[in-house]
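Student: Structure provided below as structure tokens; questions to follow.
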Amino acid sequence: MKLKLYFLRHGETTSSQSGSYCGKLDIPLTPSGIQMGEDFALAYKNLAWTAIFSSPLQRAIHTAKPLADALGMEIQIRQGLREIQYGLWEGKTPQEVTSSYHDEYVRWLADPGWNSPTGGEKGIDIARRSSEVLEEIENTYSGGNILIVSHKATIRIMICSLLGIDLGRYRDRIGMPVAALTIVTMTEQGPLIEIMGDRSHLREELRKRYGT
């Protein structure tokens, strides 16, 4: 069996509702966010899982937990899967950031791969640390289904790294809504995208609310 990576963005938080930047802030899931983790577990618990990896932030861990509990499987926490650190932009909306840090914000929007939020991380920093986790997975598991629960920017950057997409375009080329699943199979020819940004595992009420 080929190695198959299931990238799952965590469920809804108050920050994802408001659109504010939330990197290192360790905020919890909303009630709907908790349901999103439960829905994923219900939809995928019968798959033969090999391992579950997660960011150390509670919104990711609590998204992974329903599946881990259903399987009796350990969640392997990796610092490399945490979200981009937004520095002085943490907790602020894009409108607030552009008002207070206009020039730096414009540079970041133009190329977030090589420019960072004020006091935060560049895309290449996230690519470096997350690639160490992916390398560990590939070196440890020759095949099987691996769940990786992480964050919006981090997952998009990992996908760009795997597919050879310019990191400076990760915000422009890849959408990643809350609780979205992207599946990548590692083939002899390289990484193959099987599914991108899927949320069909969510209950009908949530699909209707989020336009899925």
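Student: Out of all the residues in region 10-28, which are free of Cβ contacts under 8 Å to residues at least 40 places away in the same chain and in contact with a strand residue (DSSP E or B) (Cβ under 6 Å, 6 or more places away or on another chain)?
Tutor: 27, the sole residue that qualifies.
Student: Here's something else I'd like to know. Could you identify the single residue in 91, 72 that is small (Gly, Ala, Ser) and closer than 24 Å to residue 115 by Cα? Walk me through it before giving the result.
Tutor: Working: 72 fails: closer than 24 Å to residue 115 by Cα.
Result of the check over 91, 72: 91.
Student: Could you say which residue among 66, 31 is more than 16 Å from the chain's Cα centre (by Cα), surrounded by fewer than 17 Cβ atoms within 10 Å (Cβ to Cβ) and under 24 Å from residue 207 (Cβ atoms)?
Tutor: Details: 66 fails: surrounded by fewer than 17 Cβ atoms within 10 Å (Cβ to Cβ).
Selected residue: 31, the only one of 66, 31 that is more than 16 Å from the chain's Cα centre (by Cα), surrounded by fewer than 17 Cβ atoms within 10 Å (Cβ to Cβ) and under 24 Å from residue 207 (Cβ atoms).
Student: Given the conditions (1) within 23 Å of residue 29 (Cα to Cα); (2) loosely packed, with under 14 Cβ neighbours inside 10 Å, report the number of the one that residue 156 does not fulfil.
Tutor: With respect to (1) within 23 Å of residue 29 (Cα to Cα); (2) loosely packed, with under 14 Cβ neighbours inside 10 Å, residue 156 is out only on (2).
Student: On to the next question. Can you pull out the residues in region 23-40 that are over 16 Å from residue 6 (Cβ atoms) and assigned to a helix (DSSP H, G or I)?
Tutor: Looking only at region 23-40, we keep the residues that are over 16 Å from residue 6 (Cβ atoms), and these are 23-35, 38.
Result: 31, 32, 33, 34, 35, 38.
Student: Which residue out of 130, 150 is within 19 Å of residue 60 (Cα to Cα), touching a residue at least 60 places away in the same chain (Cβ under 8 Å), small (Gly, Ala, Ser) and crowded, with 19+ Cβ neighbours inside 10 Å?
Tutor: Numbers: 130 fails: touching a residue at least 60 places away in the same chain (Cβ under 8 Å).
Only one candidate qualifies: 150.
Student: Next question, about the same structure. If you check 60, 70, 51, 43, which single one turns out to be in contact with a strand residue (DSSP E or B) (Cβ under 6 Å, 6 or more places away or on another chain) and assigned to a helix (DSSP H, G or I)?
Tutor: 60
Values in this text are rule-based calculations from the coordinates and carry no lab data. In this text, all values refer to a predicted model and were calculated from it rather than measured experimentally. Every residue, glycine among them, receives a Cβ derived from its backbone with ideal geometry; neighbour counts consider all protein chains shown.
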